[in-house]
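Engineer: Dumping the structure here so I can ask a few things about it.
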Amino acid sequence: MVMKIIGDSDLKQIVEISKLNLLDFSKISDVNYVENIERTGFFVAPYTLDDLKDDKNKILLGVKKDGKIVAYIWISVDIDNHKYNWCNQKFEKEIFGQKIYNLKRIGVVKEKKGQGLASELLKSVSEYLVDKSIKYLIASVAYSPIKNLASIGFLEKNGFKKVAISPEVPHYKFDNYQCLLLAKRINLN
């Protein structure tokens, strides 16, 4: 696998890959749809091309085949501004006011799913991280009313630990949205 830093010229490909994993909100009342999504999951937030372009702290890595992106990972450097103030106190002290790497999204084209590309990207990403003083890579994953079990399982398999569950808030067309915060310590400095 050859991993490369992805430039702005490839952002449209990333958005197209992401569209495959967006929730179909018109089917949310269908119990079978929800159960299938919870099991197979990997659904993602509806980020746009502008969101990608506007993220000045992004790190995009990808795998290309024949000039096309087949897998990517989007990480952003953020300062924890205490938006995760619902965390346990120990972890809250570790990240409050500190720079963190925020895992925004991982995507793989349909034909390449199940081949380990996302895991390889996640394992290799620390080689490409710019600021080695940052200790944590965090991920926020939907937990209620739809549980993104596939994403949670994937992250746990790759060394992430559950840190907290958010309070219920109105978000993504839900009145009672909750997310699970997972974190992985990446540097032992």
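The values are calculated or read from the model by the stated rules, or taken from the named source; none is laboratory data. Please read all numbers here as calculations on a predicted model, not as lab measurements. Neighbour counts run over all protein chains shown; Cβ positions are idealised from the backbone, glycine included.
Engineer: Give me a count of the residues in the range 59-88 that are modelled with pLDDT of 85 or more and not hydrophobic (A, V, I, L, M, F, W, C).
Structural biologist: Here is the first cut: in the range 59-88, the residues modelled with pLDDT of 85 or more are 60-66, 68-77.
If we keep only those that are not hydrophobic (A, V, I, L, M, F, W, C) as well, we get 62, 64-66, 68, 72, 76.
Residues that pass the stated criteria total 7.
Engineer: Sticking with this one: Return the residues of the range 105-122 that are over 14 Å from the mean Cα position of the chain (by Cα), closer than 14 Å to Val63 by Cβ and assigned to a helix (DSSP H, G or I); say none if nothing qualifies.
Structural biologist: Glu111, Lys112, Leu117, Glu120
Engineer: Name the pairs: first residue in the range 113-124 and free of Cβ contacts under 8 Å to residues at least 60 places away in the same chain, second residue among the aliphatic types (A, V, I, L, M), Cβ to Cβ under 7 Å, at least 6 apart or on different chains?
Structural biologist: These pairs meet every condition: Ala118/Ala71; Ala118/Ile106; Ala118/Val108; Leu122/Ile73; Leu122/Ile106.
Engineer: In the range 129-144, which residues are surrounded by 15 or more Cβ atoms within 10 Å (Cβ to Cβ) and either among the β-branched types (Val, Ile, Thr) or in a loop (DSSP other than H, G, I, E, B) (or both)?
Structural biologist: The answer is Leu129, Ile134, Lys135, Ile138, Val141.
Engineer: When Phe43 is evaluated against the numbered criteria (1) closer than 24 Å to Ile186 by Cβ; (2) crowded, with 18+ Cβ neighbours inside 10 Å; (3) modelled with pLDDT under 80, which criterion, by number, is the only one it fails?
Structural biologist: (1)
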